[in-house]
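Values quoted throughout were computed directly from the atomic coordinates according to the rules given, and no laboratory measurement underlies them. Remember, predicted model here, so these are calculated numbers, not experimental data. Cβ coordinates were reconstructed from backbone atoms using ideal geometry, including for glycine residues, and neighbour counts include every protein chain displayed.
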Amino acid sequence: MKTTARIMVPIILVLAISLLLQGHNLPGGGFIAGVLTTVAFALVYVAYGLDYLDAGVLGRDVEPGRGIFEHRSVTAFRRTFILGLAIAVASGLGALAFDEPFLSQTFVIVESIPIYHEIEVASALAFDLGVYCVVVGVLLTILSVVGAE
Amino acid sequence: MTDQLVAAPMLVVLTTIVALLGLRRWPRVQRSASVGGGLAYALAVGAVAWSVVLAPDAPGAAAYQVGGWVAPFGVTLVVDALSAFMLAIAAAVGLSAAVFSVLYVDRANQRVFYHVLFHCLLLGVTGAFLTGDLFNLFVWFEVMLLASYVFVAFYGGPEHTAAGFRYLVLNVVGSALLLLSVGGLYAVTGTLNMADVSRRMAAPGAYGVDPAPAVGLAALALVTFGLKAGLVPFQFWVPGAYRSAPLPVTAMLAGVTKKVGMYAIVRVYFTVFGGATVGPSIAGVAGSSPLSFLAPVLLAMGIASILVGGVGAVVRDTIEETLAYSSVAQIGFVAVPVGLAAAAPPGSLRRLGLAAALVYALHHALAKPLLFLATAAIRSATGTNRLADLGGLGGRAPVLSACFFLASLSLVGIPPLTGFFGKFLVFDAAARRFATAPGPLGAIVLIALLAGAVLTILYTTRIWTASFWGERTPAVEDAGVDPRQTAVLAALALAIVGVGIWFDPVFEFAGAAADAALDREGYVDLVAPTGGEDA
């Protein structure tokens, strides 16, 4: 189990990021990338236990007696969710500043970049990033709270 | 350039939600932000209603293509007089309930996402009133429901969990039916935009659409809308849910989310299916359109609601249960004129029916939240809502009692209060219907309305004599009424009196809303669901 997690987690995370970045033109997007990221975290939780993220990866002390809602990672997940919602709403409101309807999107193609040659920067990416943060934050909060029961 | 104002109410609530989430650490600031958000919402609704509908040079209606995607491909928001009227109701109830929540719900409970969820509820309501897209309507219903699920189970006791679970299961089934209906309509017409569906249903030959399934699909949607509105036979969730939710939220549920169900019936049947004719007539129904099918069903549901709710309200032993049954009965008074309008041929009677329903909805949205909030004030003063434990409140808390009395009178229908005009118009519509088409149906409607009115007098009198008159009970003797709560009640009571005295502009607004609901071609032209081909 731990071996599988060790191999799979980086692959899943890279795939999630690629889905997030291509989401506005190809299959993918913030939601599915967020779900995949959560899957990677779930794998870590299943293989190593709930406290591993705090104690093993980040090197923090975990106080055993406290409730799951005071867990520092859960607080961070909730912050991710709020941040994501703020990003998504702000990206929609941004269009209003340019006198366009709510949620209007546009894109810019940046030319002559080494290796990539050209990159399409879409404003939809900001919204997708917001969705991604919301999904990751909410699903991980649910996962760790329900997992702790 | 689109008129950004159309989306303003929705954007205000969205921003409020994000701000409230960000302010969780500072409860005091969060509470003021919640009230501020309610105030900003009311201002935004006022600005929209004024600039789109009420101002002398107003266009009367406005469409907003979200994200710049033209109809029918994108989601369209539409403000016409009907939407503006309903938004005004939502704003009045939302603001007073938001203020009252801060004063009533205890501080620890306010910290667990109470205000965030309250504004989510408001967001769902706003979206449902604004949207011009059938699937989007379903989405806003879900937003509204998700917030209300949490509120019904908010206090977490066994009876709250039971009520919450019942409410959840019932509404999940209802949502599935609505989704089936929306999916079916998409399969039949090939579009989800309301204006586009309306256009295609009116001229089925030109678009290769077979309109026959629309009656059944619309009936599926009617079940869900009736469930939201709490009409008999879908009323059984109402008392449990209203008893369990925090009382300011109950005021919101009774005042606004029920009206969303009625609004959806009017919008979908009159605006979207108004022009449709179905080939063969339906068994046992005169006429051959979804409307002629709606008329007997909605009349039966409305009459049954009036009687079941009224009889149920007479025998309850707490104030809020009586009020919960009463709101089943009152929504029947809104459904009956809509049914009469559906039965009437296009013309003045149909318009009168819809206007009567809207005025009654406005009256109920002012009086019932006031009653629920007054109940909340009584509970925070005395600690109980059981009629048996109350008595003599009239002398102990005169202003609170006066507000309760006023709302009860409005419910009964005493001039010059708003309720009088609501009842008067409903009876007017029923009487005219009886005069133009004498027969057993018209007589039954009139008798049921009369019986409902008598039952209303009975149960309001019963609450009044049991809890406001008589000997003071120990609970009442020790009561300490919060003057700030009373101030909110007094503001709502003044609104009831004010709308009653200056009724003429309100009636014109309701008439414009009824016209907007019936003006199918105008709605289609406004949204212009041609994909920009010949705009």
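Ordering B:Asp57, B:Asp428 by the number of other Cβ atoms within 10 Å of each residue's own Cβ, fewest first, gives B:Asp57, B:Asp428. Taking label positions 7 Å along the Cα-Cβ direction at both B:Val29 and A:Leu26, the computed distance is 4.3 nm, reported to one decimal. Counting neighbouring beta carbons within 10 Å and listing from fewest to most, the residues A:Tyr132, B:Tyr207, B:Tyr149 come out as B:Tyr207, B:Tyr149, A:Tyr132. Taken along the Cα-to-beta-carbon direction at a fixed 7 Å, the label points for B:Val315 and A:Thr106 span 6.8 nm. By other beta-carbon atoms within 10 Å, ranking B:Glu477, B:Glu321 with the fewest at the front produces B:Glu477, B:Glu321.
Once the Cα atoms are used to define both axes, helix B:27-48 deviates from the longest principal axis of chain B by about 40 degrees. Taking 1.002 mPa s as the viscosity and 20 °C as the temperature, the Stokes-Einstein diffusion coefficient of the protein assembly as shown based on its alpha-carbon Kirkwood radius rounds to 80 µm²/s.
Quote the relative contact order of chain A in percent (integer), defining contacts as alpha-carbon pairs under 8 Å separated by 6+ residues. Display every interim value, and only then the final one.
Details: 193 pairs, mean separation 43.9, N = 149.
Averaging sequence separation for qualifying contacts and normalising by length gives 29 percent for chain A.
Simple spin-label estimate for A:Val39 and A:Ser18 gives 1.4 nm between the two label positions (7 Å along the Cα-to-Cβ direction from each Cα). Taking a straight Cα-Cα cut-off under 26 Å and skipping sequence neighbours fewer than 8 places away in the same chain, the lysines within cross-link reach of B:Lys423 are B:Lys228, B:Lys258, B:Lys259, B:Lys368.
I'd like the orientation of helix B:503-518 relative to chain B: the angle between its Cα long axis and the longest Cα principal axis, in ° from 0 to 90, rounded to 10. Its long axis makes an angle of about 40 degrees.
Please give the helix A:2-22 orientation as an angle from the longest Cα principal axis of chain A, in degrees from 0 to 90, rounded to the nearest 10. That helix lies at roughly 20 degrees to the long axis. Rounded to whole numbers, the Karplus 3J(HN,Hα) couplings from phi for segment B:87-101 are 4, 5, 4, 4, 5, 4, 6, x, 5, 5, 5, 5, 5, 5, 4 Hz, using 6.51 cos²θ - 1.76 cosθ + 1.60 with θ = phi - 60°, and x at Gly and Pro.
Positive-end ranking of B:Val454, B:Ser83, B:Tyr242 along the dipole of segment B:4-527, with charges on Cβ about the Cα centre, is headed by B:Tyr242. Assuming charge only on the beta carbon of Lys and Arg (+1) and of Asp and Glu (-1), the dipole of segment B:4-527 about its Cα centre is about 660 debye to the nearest 20.
When the helices of the protein assembly as shown are scored as -39500 (n - 2.57) per DSSP H run of n ≥ 4 and the total is divided over every residue, the value at 222 nm lands at -23500 deg cm²/dmol.
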